[in-house]
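So the structure is just underneath, and the comments pick up after that.
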Amino acid sequence: MQLDSVAQIADLDFDTIIDVRSPSEFAEDHIPGAINLPVLDDDQRARVGTIYKQVSSFDARKIGAALVAENAAHHLREALADKDGGWRPLVYCWRGGQRSGSFTTILRQVGWRAELVEGGYKTWRRLVVDACAAPMPCPVVVLDGNTGSAKTDILKSAAAQGAQMIDLEGLANHRGSLFGARAGGQSSQKDFESRLARAITALDPARPVLLEAESSKIGDLQLPKGIWGAICSAPRIRITAPLAERAAYLARAYGDITADSARLSAVIDKLRPFQSAERIERWQAQAAAGEFAALAGELMADHYDPRYEKHRARQAFDEQIIEAPSLDADAIEGLAG
């Protein structure tokens, strides 16, 4: 079958999508909802590739075919043992070639109505890249504000109240700053783009979408040019709040970091190239004493706020400023409305 759009993946009429590539290929990225039944594992794939280059293509194909048959037999006995005669799988490999073709032939010989993705994973990847590079399909409004302005929570509250929103930091599993790492770490760039492409193609073109103001990277992940261009050019709503409110909010929101003293100390140390030794030692002392709101306040006043203002001075944004005297839960809900 032919994949023509990212959105199409949600409506595929198959019982199972099977990725027969190696585990490392699958881990980097895969078609959403797919399971991994490799016909060559990573070591076997490397071995066949070496034989292909150093011996001959014939020997590589012969050995590869034997390995594929052994692995396919294992999957038939294990993962596919409970599938009845009506089961209908969709199979793909890197480019719809020998690996998926061989496995699909075996499945069809059993009697299952197996189909191939034309062009394999490469087709999916091309659709993702195109979706991420294209202009946004609907009007964009960017929520801006200095560190600690509760932007992410405001966006989530707006979504709960019916607004259209893409949570970029949620998709990236990172809060965007040096302190922003989250449990589980970040996925690959390709996986991030796949999930982002699905979010973009699911948007209603007739309604605006809210995005958080981000730099071109969230943690280690690069924003694709389509959405980055939209963030740079869209009108903005900027939240301003008193430093004390922002500091209290950060102390609550970053509880996972403040609960891990070694992690917090290590992150503060990463600021040494940008701040004086005296200031770093004071921040370390505040962290050790559990003075997290005071620490957050100084980090913003002496490090993050000046950088935000320097960035704003270089660009003229079309923005509406909203003052938020408080950033407690009720205030966030009100701002989102």
**Fill in**
A careful count of residues in region 236-265 that are part of a loop (DSSP other than H, G, I, E, B) and either out of contact with any helix residue (DSSP H, G or I) (no Cβ under 9 Å at 6 or more places or on another chain) or not aliphatic (A, V, I, L, M) (or both) gives 4
**Fill in**
So, first residue over 10 Å from LEU3 (Cβ atoms) in region 109-125, second residue assigned to a helix (DSSP H, G or I) and of a type in the set (A, V, I, L, M), Cβ within less than 6 Å, six or more apart or across chains; the pairs are ALA114/LEU107
**Message:** It is to be established whether one or more residues within region 281-293 are in the same structural domain as ALA150 (by the TED database), assigned to a loop (DSSP other than H, G, I, E, B) and of a type outside the set (Asp, Glu).
**Reply:** yes
**Request:** Determine the pairs where a residue that is free of Cβ contacts under 8 Å to residues at least 60 places away in the same chain, located within region 277-293, has a partner that is assigned to a loop (DSSP other than H, G, I, E, B) and surrounded by 12 or more Cβ atoms within 10 Å (Cβ to Cβ) with Cβ atoms under 7 Å apart, the partner being 6 or more residues away or on another chain.
**Result:** ILE280/LEU271
**Message:** Of the conditions (1) open to solvent by 60 Å² or more (accessible area, probe 1.4 Å); (2) closer than 19 Å to ASP153 by Cβ; (3) in contact (Cβ under 8 Å) with a residue 12 or more places away in the chain, THR240 satisfies every one except a single condition; which number is it?
**Reply:** (1)
**Message:** Within region 295-315, does at least one residue satisfy the condition of being touching a Pro at 6+ places or on another chain (Cβ under 6 Å), closer than 22 Å to SER215 by Cβ and either in the same structural domain as ALA248 (by the TED database) or not aromatic (Phe, Trp, Tyr) (or both)?
**Reply:** no
**Prompt:** Do you know which residues across region 266-276 are closer than 18 Å to GLY297 by Cβ and either without any contact (Cβ under 8 Å) to a residue 24 or more places away in the chain or part of a loop (DSSP other than H, G, I, E, B) (or both)?
**Reply:** ILE268, LEU271, PHE274, GLN275, SER276
**Complete:** Here the qualifying pairs (Cβ atoms under 8 Å; residues six or more apart or on different chains; first in region 136-148 and over 18 Å from LEU243 (Cα atoms); second open to solvent by 30 Å² or more (accessible area, probe 1.4 Å) and of a type in the set (Asp, Glu)) come out as CYS138/ASP204
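The values are calculated or read from the model by the stated rules, or taken from the named source; none is laboratory data. Predicted, not measured: the structure shown is a model, and the values here were computed from it. Counting neighbours? That spans all protein chains shown, and the Cβs are built from the backbone with ideal geometry, glycine included. For accessibility, only protein heavy atoms count, side chains too; no ligands or nucleic acids. Shrake-Rupley method; radii C 1.70, N 1.55, O 1.52, S 1.80 Å.
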